[in-house]
């Protein structure tokens, strides 16, 4: 039986990353189901670190590596957008290799614009001077291929833990905000988001810590 994973809070996590950054660049993964608040967790960690020292941390969102609808629609994958097979895992992997190498002045990364459902290429520049990179996304710790190749890219890995009932409420509010119909929302929840969330919790491995966020 594997060792129980320790729970950590945001302040302790930020303290640890700040300390480890003294010895060189640290790349941390924040993974969790859709609606778990992992993006907010990552942003709060980065805000905390940058309040201590300007330019100490930056966020790299996995969502920027969504395949575009120009591929998803003809491939029959558009209704499953957000599932593991709808991401450019190889693109993320090679970006992480560049970030770890730290031999370029900056690395340009894509950022997903949910309002228009498009990833904007080169929307964020991560400087070589930034010591802490917080990567956030659903499948960062998935043990199935091709996702499993990502785990060695992370120095610290955190899995965000949220009860499914809370996930459902948050996700419903998200899709109401984006003006989906009740039928579309039901499909999003039970046909895509929540099954993906169960998969994340069942198949993620290698977490150093868990963080409760609900």
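Rule-based calculations on the coordinates, nothing more; no lab input. Remember, predicted model here, so these are calculated numbers, not experimental data. All Cβ positions, even for glycine, are placed from backbone atoms using ideal geometry, and neighbour counts span all protein chains on display.
Structural remarks
- With kT/(6 pi eta Rh) evaluated at 4 °C and eta = 1.567 mPa s, and Rh the Kirkwood radius from Cα pairs, the stretch 6-212 diffuses with a coefficient of 74 µm²/s according to Stokes-Einstein.
- Residue separation of residue 123 and residue 44 scaled by 0.36 nm, minus their Cα-Cα distance, works out to 26.4 nm of gained length.
- Considering only 70, 13, 92, the mean-square fluctuation computed in a Gaussian network model of the chain, springs between alpha carbons under 10 angstrom, is largest for 70.
- Beta bridge orientation in the chain: antiparallel %, DSSP, nearest 5: 30 percent
- Fewest-first ordering of 65, 93 by other beta carbons within 10 Å of each residue's beta carbon gives 93, 65.
- Choice from 87, 106, 154 with maximal GNM fluctuation in the chain (Cα, 10 Å cutoff): 106
- Annotation for the stretch 127-187 versus the stretch 9-53: alpha-carbon center distance of 15 Å.
- The chain: angle of helix 10-20 to the longest principal axis, Cα-based, in degrees nearest 10: 40 degrees
- Computed helical MRE - 222 nm, the chain, DSSP H runs ≥ 4 contributing -39500 (n - 2.57), nearest 500: -10000 deg cm²/dmol
- Shape category assigned to the stretch 1-101 from the gyration tensor of Cα positions, a/c cut at 1.5: prolate
- Gyration tensor (alpha-carbon) shape descriptor, the stretch 110-169, a/c threshold 1.5: oblate
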